[in-house]
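Trainee: Submitted below is the structure of interest, expressed as structure tokens.
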Amino acid sequence: MNASISRFTPVLLAGLAVLATACSATGSATSTVTATSTVTATASDPVTVSPAPAKPNGAPLCATAQLTLRIGGGLVSDGADIYYIYFKDTGATACTLRGYPGISAVTGPDGSASQIGSDAKRVPTSPVASQLLKPGRSVQATLRFARTGNFVLPQCQHVNVMFLKIFPPGGATAAYAGVDEQVCAETTLPTMTITTVIPDP
């Protein structure tokens, strides 16, 4: 059963959100996050995920079961649509996240979906650092979609995107979120960029 949730409503990565176990690892304010059932991904998923980080202060990596995903934004700036990807520690203990989320546009909200175009490319706007999440605290990363109108045909074949596949940094489990965007079908023309996670102000 599908559930349409406000972009300001958290989606638990384990349970409500679509989970995919990997082998190794605009201006509208009405965008939504869609949660569906559990699926298994294949080893061919090309999304780049940050490696597992060290454990500062003795805190372990955040387990997927203790993270909640939230998407905000949908703003327009400098020819791009901007979204904020939030990961919140909803567990009872502190944990850490470090690096870049793995994000790609896909054709559907489950493991049978195919990737569209290139996965989000990393943009080093902030130094990569381990972030300590105490219970109730969040980190965020910035996702940008370049307007496909910035790319000319036939070099860029514009494709409508309804779903994103999102891996937490260092994680091997993904959630599928609803979005209303366009990307270039060609992997040689990356349309999305993603920053490293930083503390949520």
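The values are calculated or read from the model by the stated rules, or taken from the named source; none is laboratory data. Worth saying up front: this structure is predicted, and the values here are computed from it rather than measured. Cβ placement follows ideal geometry from the backbone for every residue including glycine, while neighbour counts extend to all protein chains displayed.
Trainee: Give all pairs with beta carbons closer than 6 Å in which a residue from segment 80-97 that is on the phi < 0 side of the Ramachandran plot meets a residue that is part of a strand (DSSP E or B) and among the charged types (D, E, K, R); count only pairs at least 6 apart in sequence or on separate chains.
Mentor: Partner pairs satisfying both residue conditions: ALA80/ARG144; ILE82/ARG144; TYR86/ARG70; CYS95/ASP89.
Trainee: Go through (1) over 14 Å from PHE145 (Cβ atoms); (2) surrounded by fewer than 23 Cβ atoms within 10 Å (Cβ to Cβ); (3) modelled with pLDDT of 95 or more one by one and return the number of the condition THR68 breaks.
Mentor: The number of the failed condition is (3).
Trainee: Filtering segment 33-65 down to residues that are assigned to a strand (DSSP E or B) and modelled with pLDDT under 85, which residue is nearest to THR193 (Cα to Cα)?
Mentor: In this case the residue turns out to be VAL33.
Trainee: Do we have PRO169 as crowded, with 22+ Cβ neighbours inside 10 Å and assigned to a loop (DSSP other than H, G, I, E, B) here?
Mentor: Spelling it out, PRO169 is indeed crowded, with 22+ Cβ neighbours inside 10 Å and assigned to a loop (DSSP other than H, G, I, E, B).
Trainee: Note down all Cβ pairs under 7 Å where the first residue falls in segment 100-113 and is more than 16 Å from PHE145 (Cβ to Cβ), the second is part of a strand (DSSP E or B) and polar (S, T, N, Q), and they're at least six residues apart or on different chains.
Mentor: PRO109/THR34
Trainee: Further question on the same structure: Working carefully through the options GLY99, GLY108, GLY91, GLY136, find the one that is buried (at least 20 other Cβ atoms within 10 Å of the Cβ), at pLDDT 90 or above, more than 10 Å from the chain's Cα centre (by Cα) and not in a strand (DSSP E or B).
Mentor: GLY99
Trainee: Can I ask one more? Give segment 111-129 a look and list any residue that's within 30 Å of GLY58 (Cα to Cα) and either polar (S, T, N, Q) or assigned to a loop (DSSP other than H, G, I, E, B) (or both), or say none.
Mentor: Matches in segment 111-129: VAL123, PRO124, THR125, SER126, PRO127, VAL128, ALA129.
Trainee: I need a count of the residues in segment 172-197 that are among the β-branched types (Val, Ile, Thr) and part of a loop (DSSP other than H, G, I, E, B).
Mentor: Qualifying residue count for the region: 6.
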